Amino acid sequence: MSEVASSKEVNQTRCRTVHIDTSVQIERCKAPRRSDRIQKALDIFGFKSTSSYAKLEFKRAWLQRLSYLYYASQQVERDDELIGFINDRLGSHPGHRNRLTTCLEGIEAFLSRINESLSPRVRLIRLQSHIRCAILGAYKWWDCSVTHEYTGTRCKRASEQPREFLDGRIDVSIPNCRRNKIECSIHRFFEQNKSIFINVKDRIIALGDKASAELTRAADIIQSAEDNPEILCDNQTCAKLGDALIAVDGSAMECFAANNDKEWQLLSEVLGKELLNPVRSTMHNRPS
Amino acid sequence: MSDLNCFEITGGATAEAQSIVAQTMGAPDYSPSVRGYDSTLTIDANGEAAQLSRPAPIHATKDARGILDQLLLTRAIEIVDSFEGCDVIDASVNLESLRGIVSQLWNSAVGSTRFHQDILAGLESAILSIEVPTLGQLSVIREALTDLSQKVLTQAHVEIIRSEFVSRGFSPLALLSNTEACEDGE
């Protein structure tokens, strides 16, 4: 290949832009066996972005659960007591199923790679150190994983990175947000992009029963926010609009990368973007 | 490697024996006052095996607090320095040895500081997630090992190494994630 052709190819690669959803970001930071395929699919994009709201979801979906695992590890004396401790507290409650699954997966993944010659106490210290390392290094990884992070909603909770107290406890809390103490710009972000959100809502309504439960909830929230955007300034409410917020935040990008097709196919169509699912290696072209 | 492990688990050796092991392995001769070694050691023909005939006294454990097993660290650095120019097979062998040493370092890390433990966790996570390290990755692995050989570490050491690992493509979350094929999104 000539130098000129090579340079042109590099420039073309640089021009491609992608906006990455939480689901793909989570897959990207997993073990190489799982993340390599995703990284390769994203390598064609010279500019990768995500949204600060995706970071909040990442914190809630993974870091908070690891934080619980860390807490649990401090309540037992040996690593082989940990699963019992977690099962006793989370196992019987259906609402804790996702949290339980994440904790057990974390323990299973870790145990599959450890040396059995270490004593249970040493293994426990080792597990605690790895969890601490994972939680406290996660935001750094996040920042390095993209070229740019859009912060349209100015989500305060997303900007609060995990921290360690002097006594060794880790703070990954996400305090409630309330309308009587607004600390973000989600309401202004909604106003600025109101027509897009209304388009999203109309498309969801047009889907009828085929719309996922998550999309239906999002349509209801958009409907309510049309008259009063400040209703979004509540963590219970904004969470129901998550994917739409992330998508609109990255509307300047050419392509979306997400792993939850049900929601993102509709969002990509409304915003006129290609949709890449790097986890399953599928690409949906933008509508003509 | 398991012999090296045995050496650390049991907690010490006589100064003379330690010196022999250190010289055979090309490692510096560590003072008994640092490690508090005070036991009988047997060494095999290669000089790489060490086995204690009786448990180390309590004071040895106290003296060793706050510092990781220096012999293991020295050996690990030697292995890291051996990657240059080696083929894929040799790299796999080296990496597996490195993993074994890092795993055994946890025995002495239990009595060390949280900063040592954090750097060791980052190091272990990194070497468990690669098949063949790049030069850049080897550089940060070596840096972590050098830090671990320090008796006094600070949060700044941890932060710097953490940044280095991330910038070299290591994910701090990799070791706690499943590796099965992914079927669906969040």
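With contacts taken as Cα pairs under 8 Å at a separation of at least 6 residues, the range A:3-283 carries a relative contact order of 25 percent.
Between rounded, prolate and oblate, where does the range A:77-147 land on the alpha carbon gyration tensor, with a ≥ b ≥ c its root eigenvalues, rounded for a/c under 1.5, else prolate if a/b exceeds b/c? Intermediate values should be presented prior to the final figure.
Working: a/c = 2.48, a/b = 1.18, b/c = 2.11.
Oblate is the answer for the range A:77-147, as a/c is 1.5 or above yet b/c matches or exceeds a/b.
In chain A, what % of DSSP beta bridges are antiparallel (nearest 5)?
Around 35 percent of the beta bridges assigned by DSSP in chain A are antiparallel ones.
Rounded, prolate or oblate, given the Cα gyration tensor of the range A:176-278, with a/c below 1.5 counting as rounded? Cα axes put the range A:176-278 in the prolate bin. For the range B:78-135, GluC sites (Glu not before Pro) are listed when DSSP marks them as loop and at most 15 other Cβ atoms sit within 10 Å of their Cβ; the list is B:Glu84, B:Glu131. Here A:Arg126, A:Arg16 are placed in order of increasing Cβ neighbour count within 10 Å, fewest first, which gives A:Arg16, A:Arg126.
Phi-derived couplings, Karplus 6.51 cos²θ - 1.76 cosθ + 1.60 at θ = phi - 60°, listed residue by residue for the range A:78-91: 9, 5, 6, 8, 5, 4, x, 4, 5, 4, 4, 9, 10, x Hz, with x used for Gly and Pro.
Would you list A:Lys156, A:Lys181, A:Lys48 from fewest to most Cβ contacts within 10 Å?
Details: A:Lys156 16, A:Lys181 8, A:Lys48 20.
Starting with the residue having the fewest Cβ neighbours, the order is A:Lys181, A:Lys156, A:Lys48.
Distance from the alpha carbon centroid of the range B:87-108 to that of the range A:32-60 works out to 30 angstrom.
Relative to the longest principal axis of the Cα atoms of chain A, the long axis of helix A:64-73 lies at roughly 0 degrees. The angle between the Cα long axis of helix A:97-111 and the longest principal axis of the Cα atoms of chain A comes to about 60 degrees, rounded to the nearest 10.
Beyond 29 Å between alpha-carbons counts as too far, so tell me which of A:Lys55/A:Lys262; A:Lys48/A:Lys262; A:Lys181/A:Lys273; A:Lys194/A:Lys273; A:Lys140/A:Lys210; A:Lys48/A:Lys201 fall in that bin. Before the final figure, lay out the partial values.
Working: A:Lys55/A:Lys262 21 Å; A:Lys48/A:Lys262 22 Å; A:Lys181/A:Lys273 35 Å; A:Lys194/A:Lys273 18 Å; A:Lys140/A:Lys210 39 Å; A:Lys48/A:Lys201 27 Å.
Check vs 29 Å cut-off fails for A:Lys181/A:Lys273; A:Lys140/A:Lys210.
Coupling constants for the range A:169-180 follow from the phi torsions by the Karplus curve (6.51 cos²θ - 1.76 cosθ + 1.60, θ = phi - 60°), and in residue order they are 6, 10, 9, 10, 5, 10, x, 5, 10, 10, 5, 7 Hz; glycine and proline get x.
Going from the fewest other Cβ atoms within 10 Å to the most, the residues A:Phe256, A:Phe165, A:Phe45 appear in the order A:Phe165, A:Phe45, A:Phe256.
None of the figures in this text is laboratory data; all of them are computed from the coordinates on show. This is a predicted model, so every value here is computed, not measured. Glycine also receives a Cβ, built like all others from the backbone with ideal geometry; neighbour counts cover every protein chain displayed.
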